[in-house]
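Notes follow once the structure below has been shown.
The values are calculated or read from the model by the stated rules, or taken from the named source; none is laboratory data. Quick caveat: nothing in here was measured; it's all calculated off a predicted structure. A quick note on method: Cβ atoms are made from the backbone with ideal geometry, for glycine too, and the neighbour counts reach across all protein chains shown.
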Amino acid sequence: MRITDDIKYVGVNDYKIDLFEGLYKVPNGMAYNSYVILDDKIAVMDTVDTGFTDEWLKNVQFALKDKKPDYLIVQHMEPDHSSNILKFMEKYPEAFLVASSRAFVMMKNYFGIELAENKIVVDDGDILSLGKHVFTFFTAPMVHWPEVIVTYDSTDKVLFSADAFGRFGAVDMDGPIVDEKEWEGEARRYYFGIVGKYGLFVQKLLNKLKDVEIQTICPLHGPILNANVEHYLKLYHTWSSYEPGEDGVMIAYTSVYGNTKKAVMMLIDKIVDRLHDGEHEKDSFKVCVYDLTRCDMSEAVADAFKYGKLVLATTTYNAELFPPMREFISALTERNFSNRFVAFIENGSWAPIVAKLMRERLEKCKDITFAKNTVRMVSALNDEGIEQLEELVKEIVS
Ligand code: FEO
């Protein structure tokens, strides 16, 4: 598939995969992208997952026609992109490997051999000319691993962005230009799943790229972004700075016998009533709810970062938080959850202590504003609890 006159797509789609990184559900599969850049010298950009060696080498060969590649540029050493380096070097032994010094250390660790003869080590700002195309490399540590580099082609104004700007899901490369909204949901889940912890490093990369004109982004997963690139850059600015993307509240709950769920449903009704009371008319304010025992945890995590307000409702269990809530809060704190309003609904038939436990965990996060009102239930919602809910609603829709 053609990306520009000289840049061809040679990636593959994985429709068999169930869990990306053994953790994230990918019902629409996964794309492992790879590119060939044809010029006086020829470069191949990254390899693909181990299950697709033959298909990928065939794609590369088709793009090359009867030519030979001069370089294999390795932007990232995670095996979904690096597994076929040795196969490539066996087939094209005269090619040079281009990567960061850390990537070469990882190659030795993965493959057990020193690739000393055919290597070009690149660092921030280093340049590689293919002839017409001139590549500038930027180090991008922790986006998503420490050895990552991204590559800018100043001729076609293309950014090869490694894992950044990726998205879960296989890709129909012959299909229409990406639907921005359709891209956003799975790209957010991907971002906060795999890179969310390292927002500061993503910011550093965006800062390095701020004076670079980008017309097309070629990531290692998901579709090529070749229209309205500013939109995607802006989303990455928002996500990496932990700013809420939309005005709204995300409510995450667990409920053992249904009483906590009842309180959550009443909270939602009262929020909706207040949003339409004539005084607070707010069409843009969104409300979303997740039952943490049944939902996809990575979707809940992504939406917790999407909205500015979060309500957590759960029960005591073994003198601790009900397990999925424990998992959820850990997923947020380890990803540097910050800059949010957080409220609690607690329930416990004989030990209602979870609001305190949740707060203790989230107090370690930066810039969290805790609601003044906590809803406290001892088994079921009573009049006092309803009053607390109503006060909380005033804080959520102010
Ligand atoms: Fe797609 Fe971090 O590998």
If you go through region 38-74 one residue at a time, how many are within 21 Å of residue 104 (Cβ to Cβ) and more than 30 Å from the chain's Cα centre (by Cα)? 3
Just for region 15-30: of the residues that are more than 10 Å from the ligand (Cβ to nearest atom) and outside any loop (DSSP other than H, G, I, E, B), which one is farthest from residue 302 (Cα to Cα)? 19
Across region 160-172, which residue is modelled with the lowest pLDDT among those that are more than 19 Å from residue 210 (Cα to Cα) and in contact with a strand residue (DSSP E or B) (Cβ under 6 Å, 6 or more places away or on another chain)? 171
Has region 55-76 got any residue that is of a type in the set (A, V, I, L, M, F, W, C) and in a strand (DSSP E or B)? yes
Of the criteria (1) surrounded by 15 or more Cβ atoms within 10 Å (Cβ to Cβ); (2) within 28 Å of residue 191 (Cβ to Cβ), which one residue 61 fails: (2)
Would you say residue 70 is in the same structural domain as residue 224 (by TED's automatic domain parsing) and within 16 Å of the ligand (Cβ to nearest atom)? no
Does residue 233 meet the test of being of a type outside the set (Val, Ile, Thr), out of contact with any His (no Cβ under 9 Å at 6 or more places or on another chain) and within 16 Å of the ligand (Cβ to nearest atom)? no
Of the residues 290, 317, which single one is surrounded by fewer than 19 Cβ atoms within 10 Å (Cβ to Cβ) and under 20 Å from residue 374 (Cβ atoms)? 317
Residue 167 fails exactly one of (1) more than 16 Å from the ligand (Cβ to nearest atom); (2) of a type in the set (D, E, K, R); (3) free of Cβ contacts under 8 Å to residues at least 60 places away in the same chain; (4) buried (at least 22 other Cβ atoms within 10 Å of the Cβ), namely (1)
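Looking at the structure I just gave you, is residue 125 of a type outside the set (A, V, I, L, M), at positive phi and in the same structural domain as residue 31 (by TED's automatic domain parsing)?
The answer is yes for residue 125.
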Flag for residue 155 being of a type in the set (Ser, Thr, Tyr), under 19 Å from residue 41 (Cβ atoms), assigned by TED's automatic domain parsing to the domain that holds residue 80 and in contact with a Phe, Trp or Tyr (Cβ under 7 Å, 6 or more places away or on another chain): no
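The rows are residues; the columns are (1) surrounded by fewer than 19 Cβ atoms within 10 Å (Cβ to Cβ); (2) over 19 Å from residue 209 (Cβ atoms); (3) within 16 Å of the ligand (Cβ to nearest atom).
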residue	(1), (2), (3)
112	yes, yes, no
128	no, no, no
132	yes, yes, no
150	no, no, yes
153	no, no, no
158	no, no, no
Total residues in region 121-144, condition within 30 Å of the chain's Cα centre (by Cα) and not in a loop (DSSP other than H, G, I, E, B): 9
Could you pull out every one of the strands (runs of 3 or more DSSP E) wholly within region 213-298 that has 2 or more residues that are small (Gly, Ala, Ser) and either touching a residue at least 60 places away in the same chain (Cβ under 8 Å) or touching a Lys or Arg at 6+ places or on another chain (Cβ under 9 Å) (or both)? 246-253
